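Engineer: Mind looking over this structure? Questions follow.
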Amino acid sequence: MISTAASEEAPLVLIVDDDAEVRTAISELMLSVGIDSTCYGSTRELLESPLLDRAGCLVLDVRMPGSSGLDLQQHLTAAGISKPIVFLTGHGDIPMSVQAMKAGAVDFLTKPVRDQTLLDAVVAGVERDVAERASARIVQQHVERFATLTPREGQVMREVARGRLNKQIAYDLGITEITVKLHRSNVMKKMQAASVGELIRAWEKLPLALRENGTA
C-alpha cells in the first residue's frame with residue numbers, strides 16, 4: 001500500500017486502455033491495495049488531463065484507436081516528461097517490448113497478467129517516480145541557492161569543487177587568499193553546506209550549463 005500525509009499528494013496510477021472492462025479491472029485491483037487510480041479510454045484523453053503532472057505511473061495499452069501507447073511514450077519523452085510506464089497489452093511482440101524497454105518502460109506485460117505481477121510493476125513505477133521527483137526537488141533547491149551567489153562566489157565554488165586550494169584559487173582569479181576565504185565562507189552559507197563534501201555534492205547536482213559557466 002502506498003500512502004502519503006495528504007491525499008492530494010498521493011501517487012496516482014493513470015490507466016489508459018480502450019477496453020472499459022480492462023480499465024475497470026485494473027482500477028479495482030489498484031483500489032484493493034490502497035492505490036489511487038483514474039482511467040482514460042485513449043491517449044488523447046490522457047494528454048488533456050491535468051493529472052498527468054501528478055506523481056505516479058502509467059499503465060498503458062499498446063494498440064488503441066488513434067495514437068498507440070508507444071507513440072505516447074515517444075511524445076512524453078520528447079516533451080521531457082519522464083513518467084514511468086508499465087505497458088500491458090494483448091497484442092505485444094518482441095520488437096515492441098524491446099522498443100518500449102529501451103525507451104525506459106518499467107515493464108512490458110501481456111494480457112492476461114497475474115495481479116501480483118502487475119502490482120509489482122506498478123509499485124516499482126511509482127517508487128521510481130517518487131524518487132525522481134524528490135531528486136529533482138533537491139536539484140532545484142541547489143539551483144535556487146546557487147542563483148544567490150555573486151559571479152565571483154560562483155567562480156570560487158567551482159574551483160573549490162575542483163579540489164583547488166585557497167592559494168591556488170587566489171592565484172588563478174587574481175585576488176588575495178583572504179578574499180578567497182571570505183567568498184568561500186559566503187558560498188558555504190548561501191549553499192547551506194556544512195562541509196566541503198556537501199558543497200561538492202551540491203555542485204555536482206547543478207545542471208551542466210551552470211557548472212560550465214560557474215555563474216548563475
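Engineer: Under a 5 Å amide H to amide H cut-off, with H placed in plane at 1.01 Å, what residues pair with L109 once short-range neighbours are removed?
Structural biologist: The answer is F87, L88, T89.
Engineer: Enumerate lysine pairs in the chain that are 8 or more residues apart or on different chains, then count those whose Cα atoms are under 20 Å apart.
Structural biologist: Details: K83/K102; K167/K181; K181/K189; K181/K190; K189/K205; K190/K205.
Value for the chain: 6.
Engineer: What is the dipole size for the stretch 36-106, taken about its Cα centre, with +1 at each Lys and Arg Cβ and -1 at each Asp and Glu Cβ, in debye to the nearest 20?
Structural biologist: The calculation lands at about 140 debye.
Engineer: Counting only protein heavy atoms and using a 1.4 Å probe, what share of the accessible area of the chain belongs to carbon plus sulfur, as a whole percent? It would help to have the intermediate numbers written out before the result.
Structural biologist: Values: 6130 of 11710 Å².
Roughly 52 percent of what the probe reaches on the chain is carbon or sulfur.
Engineer: Starting from the Cα-Cα distance between K181 and E144, subtract it from 0.36 nm times their residue separation and give me the gain in nm to one decimal.
Structural biologist: Numbers: separation 37, 0.36 × 37 = 13.32 nm, distance 2.26 nm.
Net length gain for the segment: 11.1 nm.
Engineer: Calculate, for the chain, the solvent-accessible area per residue in square angstrom, rolling a 1.4 angstrom probe over the heavy atoms of the protein chains.
Structural biologist: So the chain comes to 54 Å² accessible per residue, rounded to a whole number.
Engineer: Assuming R0 = 45 Å, can you tell me the calculated FRET efficiency for the pair A124 and L165, based on Cβ-Cβ distance, to the nearest 0.05?
Structural biologist: 0.50
Engineer: Mean shadow of the chain, computed from the convex hull of its alpha carbons, in nm²?
Structural biologist: 14.6
Engineer: When a/c is below 1.5 the answer is rounded, else prolate if a/b is larger than b/c, else oblate, so apply that to the stretch 87-142 with a ≥ b ≥ c taken from the square roots of the Cα gyration tensor eigenvalues. Let's see the in-between values first.
Structural biologist: Details: a/c = 5.38, a/b = 1.93, b/c = 2.78.
Oblate is the answer for the stretch 87-142, as a/c is 1.5 or above yet b/c matches or exceeds a/b.
Engineer: Which value at 222 nm does the chain reach when only helices count, each DSSP H run of 4 or more adding -39,500 (n - 2.57), with the total divided by all residues and rounded to the nearest 500 deg cm²/dmol?
Structural biologist: Calculated from helices alone, the mean residue ellipticity at 222 nm is -17000 deg cm²/dmol.
Engineer: Picking from L70, A209, H91, whose Cα lies most toward the positive end of the charge dipole for the chain (charges on Cβ: Lys, Arg +1; Asp, Glu -1)?
Structural biologist: A209
Engineer: So which trypsin sites (Lys or Arg not before Pro) in the stretch 28-108 are both in a DSSP loop and have at most 14 other Cβ atoms within 10 Å of their Cβ?
Structural biologist: Qualifying residues, ordered by number: R63.
Engineer: For the stretch 41-167, treating each Cα as an identical point scatterer without solvent, what Debye log10 I(q)/I(0) comes out at q = 0.16, 0.22, 0.23 1/Å?
Structural biologist: The Cα Debye sum returns log10 ratios of -0.81, -1.32, -1.41.
Engineer: At 1.4 Å probe size, put S68, S195 in order of accessible surface, largest to smallest.
Structural biologist: The ordering from most to least exposed comes out as S195, S68.
Engineer: Using alpha carbons only, how many degrees (0 to 90, rounded to 10) separate the axis of helix 115-146 from the longest principal axis of the chain?
Structural biologist: 20
Engineer: Now, a different point. Cα axis of helix 69-78 to longest principal axis of the chain: angle in degrees, 0 to 90, nearest 10?
Structural biologist: 10
Engineer: Right, next: Please compute the Kirkwood hydrodynamic radius of the stretch 137-193 from all pairs of different C-alpha atoms, in Å with one decimal.
Structural biologist: Answer for the stretch 137-193: a Kirkwood hydrodynamic radius of 11.4 Å.
Engineer: If a/c stays under 1.5 just call it rounded; otherwise compare a/b with b/c (prolate if a/b is bigger, oblate if not). Do that for the stretch 14-53, with a ≥ b ≥ c from the square roots of the Cα gyration tensor eigenvalues.
Structural biologist: Verdict is oblate for the stretch 14-53.
Engineer: In addition: Taking the Cα centre of the chain as origin, work out the dipole magnitude from +1 charges on Lys and Arg Cβ and -1 charges on Asp and Glu Cβ, in debye rounded to 20.
Structural biologist: Around 1580 debye, computed over the chain.
Engineer: Sticking with this one: For helix 20-32, what angle does its Cα long axis make with the longest principal axis of the chain, in degrees from 0 to 90 and rounded to 10?
Structural biologist: 60
Engineer: Another one. Could you give the dipole magnitude of the stretch 1-122 about its Cα centre, charging the beta-carbon of Lys and Arg +1 and that of Asp and Glu -1, in debye to the nearest 20?
Structural biologist: About 320 debye.
Engineer: Here's another thing I want to ask about it. Would you work out if the stretch 108-203 is rounded, prolate or oblate? Take a ≥ b ≥ c from the square roots of the eigenvalues of the alpha-carbon gyration tensor; rounded if a/c is under 1.5, else prolate when a/b is larger than b/c, oblate otherwise. Write down the numbers at each step before the final one.
Structural biologist: Values: a/c = 4.79, a/b = 3.85, b/c = 1.24.
It comes out prolate by the Cα gyration axes.
Engineer: Sorted from largest to smallest, which semi-axis lengths in Å does the alpha carbon gyration tensor of the stretch 1-91 give for its equivalent ellipsoid, taking the root of 5 times each eigenvalue?
Structural biologist: Listed largest to smallest, the semi-axes of the stretch 1-91 are 21, 16, 10 Å.
The values are calculated or read from the model by the stated rules, or taken from the named source; none is laboratory data. Everything quoted here is computed from the prediction, not taken from an experiment. A quick note on method: Cβ atoms are made from the backbone with ideal geometry, for glycine too, and the neighbour counts reach across all protein chains shown. Ligands, DNA and RNA are stripped out before the accessible areas are found, and what is left, the full protein with its side chains, is counted by its heavy atoms. Shrake-Rupley method; radii C 1.70, N 1.55, O 1.52, S 1.80 Å.
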